[in-house]
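A.B. asks: Submitted below is the structure of interest, expressed as structure tokens.
Taken together, the values in this text are just the output of simple stated rules run on the coordinates, not laboratory data. Since the model is a prediction, treat every value here as computed from it, not as a measurement. Cβ placement follows ideal geometry from the backbone for every residue including glycine, while neighbour counts extend to all protein chains displayed.
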């Protein structure tokens, strides 16, 4: 009897403590050295960045070769500033405005997607068109031009707009012959607001694109692309022609707004190619505590084309210097002519 | 008799006995033990959805446990465990912080052997439970937080060793819970919560868990010291939770010093509560 009791006791504790012998779920925690931080950053991009395959094809990016090239510039006796400089150069190989490295001293960035191109935007000139009696509804500034064309300016999708705001804006502009939506200089923000505005431009549910995300560490490990549909707003919707003014600064959520709006009937894109930025950014970090942001899940247009490097306009139009000197914004004037 | 006991233990482990007990008549008279503990300790968080780095820091916890002997069969204990915890952790470089919190509840039955060895009681059985919680990283953008939701069936063990020091009876109490089968919520490797909830794209976000992909073990070792009509309980809680699902690694290694009190009640036939100590 005593023996059987001891056996019960023995096996009871054995079962529970056997579990301790099996493996722990851990991740390497490398020491804080420049080489380890370099390796950690390279690995984060290698395992999580979503455009490595696409950019290998589009711009000849070879991430393994990038490792070889930049590893030579790393040594454990370099300063933080030197390390950040090398890591910034390495990340710039991705040509992605959604990739940043945040340190206490600086934010590494790649902004050539708009810095290398004409702005096609003169803020002072635009302010002249707005005048002083324009209306403001949350993140939207709007007015009716003398020729009965509506003008809607959304400068930043980080600033919200509500359904009620949009109802009032659309109702106020209802008598206009056409509508100009100016998103030049809008470098993104919340997808929700971008989608909310584009929902005012369609009367039916339409396919606007696809999206997927990474399902594993491999460069090609993606989920099956899911169709994205734009549902019409249940509020006041715009029923007349629309011209959307774009420039290279239109990025991220603004790029998605342009994609969605372009799928709607009666919408014309005018200006320059948008900046792109179709990867939803995620965050991670290095052993030294520096934060890194990178594109994690891609969006495509309705034909499954990549829009990471931007969306071409229907009509290319640049800001003419002579027009600007005479107080005319070439893009706004061209849009007005199109809408008449 | 032995065969019957073995059958009963298996029935408790796999949930049949609880059903039969629940459907039967409730006993009118039974013993009940209530333990309330407060813990303070350290926790080590890893969630590769948020960061590849481990976050460490203080953790506060609350535990409430009840155990009731059924009058019809004094070998069977009905147990409940209610727990809550809050943590505030930081990465090694102390440049970012994570706030974590969870509540969990488990209930089940044990079969108990009293005086298995001199002064030693042993009980084994099964628990059904679940927890919900969160882990928030104060620096991340589109992946700022991870939601936690788990359901589980656990094997459970408890042992009590009673001994005397200067005519005062003390007890060492040990309990362990080992989840064996369950379900867990998890986004996919690179899936955003925007995609999951705003776009409604479900993609195997409820995952079956078992020791092979979510080996976890919760152990509590305490000493009961009677003080007048109450009992002081002090001890050490080790709560090791892990998971590796959808390409995401998670662990939460918590170790806490706990202190609280135990009350033992006896529900009499006339349904008046009396302190038994």
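A.B. asks: With a 10 Å Cβ neighbour count serving as the proxy for reagent exposure, in which order, fewest first, do A:24, A:317, A:50 appear? Intermediate values should be presented prior to the final figure.
C.D. replies: Working: A:24 11, A:317 23, A:50 27.
Exposure proxy ranking, most exposed first: A:24, A:317, A:50.
A.B. asks: Remind me, relative contact order of chain A in percent, using alpha carbon pairs under 8 angstrom and six or more residues apart?
C.D. replies: Relative contact order here is 18 percent.
A.B. asks: Expressed as an acute angle from 0 to 90° and rounded to the nearest 10, what is the orientation of the C-alpha long axis of helix A:163-172 relative to the principal long axis of chain A?
C.D. replies: 10
A.B. asks: Further, regarding this structure: In percent, how large is the relative contact order of the range A:34-111, given Cα pairs closer than 8 Å and 6 or more residues apart?
C.D. replies: Values: 56 pairs, mean separation 21.2, N = 78.
Worked out over the range A:34-111, it gives 27 percent.
A.B. asks: Taking the Cα of residue B:149, stepping 7 Å toward and past its beta carbon, and measuring to each backbone N in the range B:198-221: which are under 17 Å?
C.D. replies: B:198-209
A.B. asks: Let me ask something additional. Tell me the angle of helix B:2-13 to the major Cα principal axis of chain B, expressed in degrees between 0 and 90 and rounded to the nearest ten.
C.D. replies: 30
A.B. asks: Take peptide B:243-256, look around each residue's Cβ out to 10 angstrom, count Cβ atoms belonging to other protein chains, and average those counts.
C.D. replies: Averaged over the peptide's residues, the number is 2.
A.B. asks: R0 = 45 Å: FRET efficiency of residue B:257 with residue A:217, Cβ-based, nearest 0.05? Display every interim value, and only then the final one.
C.D. replies: Numbers: r = 39 Å, r/R0 = 0.87.
For residue B:257 and residue A:217, the calculated efficiency is 0.70.
A.B. asks: Hey, got the average number of other protein chain Cβ atoms within 10 angstrom for residues in B:184-190? Intermediate results must be reported in sequence, preceding the final value.
C.D. replies: Numbers: counts 0, 0, 0, 1, 6, 10, 18.
Mean number of neighbouring Cβ atoms from other chains: 5.
A.B. asks: Given the range B:2-275, what whole percent of its Cα pairs are spread farther than 30 Å? Display every interim value, and only then the final one.
C.D. replies: Numbers: 13870 of 37401 pairs.
Of the Cα pairs, 37 percent sit more than 30 Å apart.
A.B. asks: Just counting partner chain Cβ atoms within 10 Å, what average do the residues of peptide A:276-287 show around their Cβ? Show your work: numbers first, answer last.
C.D. replies: Values: counts 0, 0, 0, 0, 8, 5, 9, 10, 8, 12, 6, 5.
Mean partner-chain Cβ count within 10 Å for A:276-287: 5.
A.B. asks: Please arrange A:68, B:231, A:132 by counting, for each residue, the other beta carbons lying within 10 Å of its beta carbon, fewest first. Spell out each step's value before the answer.
C.D. replies: Details: A:68 9, B:231 20, A:132 5.
Ranked by crowding around the Cβ, least crowded first: A:132, A:68, B:231.
A.B. asks: Another one. Quick one: Debye curve from the C-alpha atoms of the protein assembly as shown, no solvent, what's log10 I(q)/I(0) at q = 0.12 Å⁻¹?
C.D. replies: Values, matching the q order: -1.14.
A.B. asks: Evaluate E = 1/(1 + (r/R0)^6) for residue A:204 and residue B:38, where r is the Cβ-Cβ distance and R0 equals 56 Å; express this FRET efficiency to the nearest 0.05. Mind dumping the intermediate values first?
C.D. replies: On the way: r = 59 Å, r/R0 = 1.05.
Once the sixth-power term is evaluated, E becomes 0.40.
A.B. asks: OK, next. Over chain B, calculate the relative contact order: mean separation of alpha carbon pairs under 8 Å at least 6 apart, over the residue count, as a percent.
C.D. replies: Values: 731 pairs, mean separation 50.4, N = 277.
Worked out over chain B, it gives 18 percent.
A.B. asks: Right, next: Quick one, what does Rg over Rh come out to for the range B:87-196 if you take C-alpha atoms and the Kirkwood Rh? Could the numbers behind the result be given before it?
C.D. replies: Working: Rg = 20.7 Å, Rh = 17.5 Å.
A ratio of 1.18.
A.B. asks: When A:300, B:136, B:189 are ordered from fewest to most other Cβ atoms inside 10 Å of their Cβ, what list results? Please report the intermediate quantities before stating the final value.
C.D. replies: Working: A:300 18, B:136 15, B:189 21.
Going from least to most buried by this count: B:136, A:300, B:189.
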